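Here is the structure we will look at.
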Amino acid sequence: MKNRFSLTLLTAWLLSISGTAGAAIELSLVPITQTASSLSVGVSISGLGNAAAPSLGAYDLDLVFDGDHLAYVGAVFGDPVLGKALDLLDLGLNPSAAALAGAGRLNLFELSLDSAATLNQLQADSFILAVLNFDFLMAGSSQLSLNINALGDANGDPLQAAATPIAVTSVPLPPAFALMAAGLGLLYRRRA
């Protein structure tokens with residue numbers, strides 16, 4: 001009994017120093033750009049292996065948003081800096097889709113056709129899956145959240161992940177301020 005307890009304690013300690021214990025995959029929403037009338041949000045994943053398993057091979061997510069505050073405009077798959085992390089060979093054959101699945105619900109899907117070895121060796125440990133673009137319909141605060149329908153690793157096995165919601169706030173410029181700013185811009189041009 002004492003040896004079994006010692007072995008369990010040693011195993012737990014080795015896992016904790018190796019970095020695998022407590023390692024968690026997380027999906028989050030990251031604001032990319034925001035103006036008075038529009039918003040771009042990145043759907044980010046982190047906690048994968050760095051050039052090692054686990055890597056991401058497929059995902060099916062629902063982004064839930066308040067349709068009274070935001071209007072979906074479009075999506076661009078891939079990381080703005082790293083490129084397409086599920087199409088590392090840049091073949092352009094991956095099935096992907098971003099479609100409204102109801103009022104205030106956007107479904108995102110992508111399946112990698114790269115080999116498991118390619119994904120495990122070349123995929124970064126964190127990257128942006130897609131950048132989503134919205135227009136603000138009214139002033140105020142709105143919450144964006146992710147529902148995970150499915151996440152799969154390079155071999156098609158399920159991955160467990162947590163998702164973090166965010167709140168976005170639109171503060172449109174008052175019409176009088178916009179006119180005043182335009183007038184000041186014209187005044188400045190005349191003096192220059």
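The values are calculated or read from the model by the stated rules, or taken from the named source; none is laboratory data. Everything numeric here is computed off the predicted structure, so don't read it as measured data. Don't worry about glycine lacking a Cβ; one is built from the backbone with ideal geometry, like all the others, and counts go over all protein chains shown. Accessible surface is based on the protein model in full, side chains and every heavy atom, while ligands, DNA and RNA are left aside. Shrake-Rupley method; radii C 1.70, N 1.55, O 1.52, S 1.80 Å.
If you go through region 87-105 and pick out every residue that is over 18 Å from residue 132 (Cβ atoms) and either without any contact (Cβ under 8 Å) to a residue 12 or more places away in the chain or in contact with a His (Cβ under 9 Å, 6 or more places away or on another chain) (or both), you end up with 2. Scanning region 71-105 for residues that are open to solvent by less than 60 Å² (accessible area, probe 1.4 Å) and charged (D, E, K, R), we see that the one that is farthest from residue 138 (Cα to Cα) is 87. Scoring residue 142 on the criteria (1) modelled with pLDDT of 95 or more; (2) in contact with a Leu (Cβ under 7 Å, 6 or more places away or on another chain) leaves a single failure, condition (1).
Taking the criterion of being farther than 16 Å from residue 39 by Cα and buried (at least 16 other Cβ atoms within 10 Å of the Cβ), the residues of region 129-147 that qualify are 129, 146. Where the second residue is open to solvent by 40 Å² or more (accessible area, probe 1.4 Å) and assigned to a loop (DSSP other than H, G, I, E, B) and the first is within 23 Å of residue 67 (Cα to Cα) and of a type in the set (S, T, N, Q) and lies in region 106-131, which pairs have Cβ atoms under 6 Å and are six or more apart or on separate chains? Pairs found: 107/101.
All conditions but one from (1) outside any loop (DSSP other than H, G, I, E, B); (2) at pLDDT 95 or above; (3) over 17 Å from residue 28 (Cα atoms) apply to residue 150; the one that does not is (3).
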